[in-house]
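Structure first, commentary second.
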Amino acid sequence: MKRKDIIEFEIGSMEFGGESSTLIGKRKVKMKGGITGQKVKAVVKKARSEKAEVKLLEVVENSSIETASVCSHFGQCGGCSILSVPYEKQLEIKSEQVVKLFEEQEIKGFDFLGIEGSPVERLYRNKMEYTFGDEVKGGPLTLGMHKKGRHLDIITVDGCELVDKDFIKVLTSTVNYFAEKNLPYYRVNSHSGYLRNLVVRKGVNTNELMVNIVTTTQEDFDMTEYKNMILNLGTEAEVVSLLHTINDGLADAVNCDELRVLHGRDYIEEIVLGLKFKISPFSFFQTNTKGAEKLYSIAREFVGDNEGKVLFDLYSGTGTIGQVMASTAKRVYGIEIIEEAVKSANENTKLNGLNNCEFIAGDVAKVVKNLKEKPDLIIVDPPRPGVHKDAIRDISGFGAKEIVYISCNPKTLVLDIKGFESYGYKVEKVKCMDMFPNTPHCETVVKLKK
């Protein structure tokens, strides 16, 4: 086996995060994607005597476990790579993968409470970020997701089963409207063009819809007609926020140089476990609302009786977890690096009549050192890269008897746990929550005790 060879083989095991691993002879072959039992054709990217990396070219034969129905984009769009696997089997696979990560780090002696399934398996996403482009060079305008393994090609995902009819209506009407206007889409290589993104957000429990069209300043275009078209689409949810974001940045990301409100307000509201939250166009909020309610209920159960206790909510985002815990706590302090999220969090506390919560903007690794009050319990909900080793040291230095760690990436979670163990903490219990059905990801909640 050498670089650029094309090989055929049957997928062995699936690893957390969407990779697969197969033993061919004595060589361990790693690949992005793949479902156990699939027969695939792949090209070799790297090859050594004991291991190799390959890139999937095509699925020659489906696996025997692929018995669920799929959408019209399955296999082209890189979104939900395990949609073809029945949901109960998905849960079983994810649960086993997380347990394996703990075993590999020799983290033992805890209660594993299994995995909680999402209340909604499809049509669960409350946010989608679509990109303008074309499917083939010089082809008609498209608006949707990147094709699997392709940096530039965009497929209009009008048959997507992760979102409801309102998202599809807004998506298809937007791409059709701008195709007629013959406006150029933004090209990341040349940094030229006008149309960049469409971001749709929905308050599932409030039935409020936000539509955010993102462009550069390279064309002078009046959005009035587009606004009227969106408002007259007949969506089931009410369009309470219609925005035009100006983004001239070079990065291939939705950033904001200027925000123009075309209709309504610059936020939607959502209700989670009886609490109300304002969601601005750029603030983080869990993409599965019904799943978030279950996730926060698990976290609340792991926290237990917090009456009269001081809680630190680290990497607090818009303050959802901290506020869910605040009703009986003595005091909740939240730390989050994104200033807009902190502003939203503090606004949300007023919205919910909570006067025992304070959210602070800053880097967790730096801010925790300056907090004068000592916590009885710490809640940690970091981004995918996990907790910086300096932050683990400082968090442990508070001497809180309990830490509840909520993780969207168990690969970094288990490494962080090893760090906390070195400061005298031990894992008491672990439970997974599937926030992302039909994808290779899930959340994991861990309780650590001093």
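The values are calculated or read from the model by the stated rules, or taken from the named source; none is laboratory data. The shown structure was predicted, so the numbers you read here are calculated from the model rather than taken from an experiment. Positions of Cβ are generated from backbone atoms using ideal geometry, with glycine treated the same way; all protein chains shown enter the neighbour counts. Remember, those area values only see protein heavy atoms, side chains included, never the ligands or the DNA or RNA. Shrake-Rupley method; radii C 1.70, N 1.55, O 1.52, S 1.80 Å.
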Residues whose placed amide H lies under 5 Å from that of Ser118, excluding near-sequence neighbours: Asp434
Prolate/oblate/rounded call for region 259-372, Cα gyration tensor, a/c under 1.5 rounded: oblate
Electrostatic dipole magnitude of region 1-148 [Cβ: Lys, Arg +1; Asp, Glu -1; Cα centre; debye, to 20]: 900 debye
Accessible surface, 1.4 Å probe, highest first, among residues Arg27, Arg260, Arg201: Arg260, Arg27, Arg201
Relative contact order of region 301-450, defined on C-alpha pairs under 8 angstrom at six or more residues apart (%): 20 percent
Choice from His191, His263, His146 showing the highest fluctuation, given a GNM over the chain with Cα pairs closer than 10 Å: His191
Cα-centred dipole magnitude for region 365-434, charges only on beta-carbon of K, R (+1) and D, E (-1), debye, nearest 20: 180 debye
Percent carbon-and-sulfur accessible area, region 301-407, ignoring ligands, DNA and RNA, probe 1.4 Å: 49 percent
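How large is the dipole of the chain about the Cα centre if only Lys and Arg carry +1 and Asp and Glu carry -1, each at its Cβ, rounded to the nearest 20 debye?
Roughly 1540 debye for the chain.
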Listed residues Thr206, Leu242, Val387: farthest to the positive end of the dipole of the chain (Cβ charges): Val387
Spatially proximal lysines relative to Lys202 (Cα-Cα < 17 Å; intrachain offsets below 8 disregarded): Lys127, Lys165, Lys169, Lys276, Lys278, Lys290
Region 43-119 - percent of accessible surface contributed by carbon and sulfur, probe 1.4 Å: 45 percent
Long-range amide H partners of Glu428 with built H, under 5 Å: Lys447, Leu448, Lys449
Three-way shape label, region 292-450, alpha-carbon gyration tensor, a/c 1.5: rounded
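Which order do Cys442, Cys77 take by accessible area at a 1.4 Å probe, largest first? Walk me through the numbers before you get to the answer.
Values: Cys442 0, Cys77 25 Å².
Reading off the accessible areas and sorting them downward yields Cys77, Cys442.
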Gaussian network model of the chain, Cα within-10 Å springs - most flexible of Asp252, Asp266, Asp158: Asp252
Solvent exposure of the chain as accessible area per residue, Å², 1.4 Å probe: 45 Å²
Three-way shape call for region 1-149 based on the alpha-carbon gyration tensor, with the a/c threshold at 1.5: oblate
Of all DSSP beta bridges in region 30-98, antiparallel share, percent nearest 5: 75 percent
Residue-level accessible surface for Glu50, protein heavy atoms, 1.4 Å, Å²: 140 Å²
Note, ³J(HN,Hα) from phi for region 359-375, Karplus 6.51, -1.76, 1.60, rounded to Hz, x at Gly and Pro: 10, 10, 8, x, 6, 3, 4, 9, 5, 4, 5, 9, 6, 7, 7, 8, x
Within a Gaussian network of the chain (alpha carbon springs, distance under 10 Å), most fluctuating of Ser407, Ser190, Ser21: Ser190
Part-to-part distance (alpha-carbon centres) for region 396-450 and region 92-117, which is given in Å: 11 Å
Cross-link partners of Lys369 among aspartates and glutamates (Cα-Cα below 13 Å; sequence separation of 8 or more within a chain): Asp390, Asp394
Aspartates and glutamates whose Cα lies under 13 Å from that of Lys450, excluding same-chain neighbours fewer than 8 positions away: Asp376, Glu402, Glu421, Glu428
Correct option for Cα extents along the principal axes in Å [calculated from the coordinates] among (i) 74, 49, 31; (ii) 77, 51, 41; (iii) 62, 61, 37: (iii)
Under Karplus coefficients 6.51, -1.76 and 1.60, residue-wise ³J(HN,Hα) of region 322-337 in Hz, glycine/proline x: x, 6, 4, 7, 6, 4, 10, 6, 6, 7, 10, 10, x, 10, 8, 6
